[in-house]
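Contents: one structure, followed by commentary.
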Amino acid sequence: MFSLAFAVVGAFTTDPIDQLAWLAGDWSCPKWGGTFEERWSPPSAGTMMGTGRLIVDGKTTFMEFLSIESVDGVLTMFILLGKPSKSVAAPVAFKMTKANAGEAVFECPTNDFPSKITYSKQAGALLCVIEGVEKEKPAREEFRFTPIRAGGR
């Protein structure tokens with residue numbers, strides 16, 4: 001009887017990362033004089049992996065490496081800016097503070113900008129809003145991503 005009950009309960013247990021499956025995909029938007037691309041893997045084995053890059057005049061001018069994983073039971077996004085070959089910087093951790101169908105909020109109050117990152121799924125698009133303080137003033141930046149077509153931008 002115990003093994004049957006365990007099998008039934010286990011069948012309904014999902015990994016918390018699965019609630020972010022809507023974020024997975026290849027996304028791009030016009031930004032800062034070029035095209036900003038962000039790619040997220042589907043959730044698997046408790047993690048999601050992401051990359052971002054800004055392409056201006058055919059050259060990558062900015063890169064970021066991202067992961068979402070559980071830390072002490074809280075989904076946390078880690079962001080490493082810059083080229084790994086040229087940097088020894090540690091990633092910045094943003095804890096997920098809110099999540100519902102199609103929206104996730106990650107915050108790191110000790111980071112000036114951004115200190116808050118909000119992803120929201122919209123009809124055929126993905127909105128990413130970063131907020132915080134820059135030069136002692138509130139700052140906000142929006143990325144309105146659309147899917148990258150298979151085989152190109």
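Here are the numbers for the structure shown:
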read-out	value
Alpha-carbon centroid distance for the pair segment 82-153 / segment 42-70, whole angstrom	11
Segment LEU81-THR35, length gained on full extension (0.36 nm per residue, minus Cα span)	14.9 nm
Overall form of segment 16-147 per C-alpha gyration tensor (a/c, 1.5; a/b vs b/c)	rounded
Only Lys, Arg (+1) and Asp, Glu (-1) charged, at Cβ; the chain dipole about Cα centre in debye	440
Cα-based shape type of segment 53-101, given that a ≥ b ≥ c are square roots of the gyration tensor eigenvalues and the cut on a/c is 1.5	oblate
Neighbour cut-off at most 12 other Cβ (10 Å), DSSP loop, chymotrypsin sites (Phe, Trp or Tyr not before Pro), segment 84-136	none
Residue pairs, from the table LYS95/LYS116; LYS116/LYS137; LYS98/LYS135, whose Cα atoms sit over 19 Å apart	LYS98/LYS135
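The numbers here are math on the coordinates, done by the rules we state, and not lab data. What you are looking at is a predicted structure, and each value in this text was computed from that prediction instead of being measured. Cβ atoms come from the backbone with ideal geometry, glycine included; neighbour counts cover every protein chain shown.
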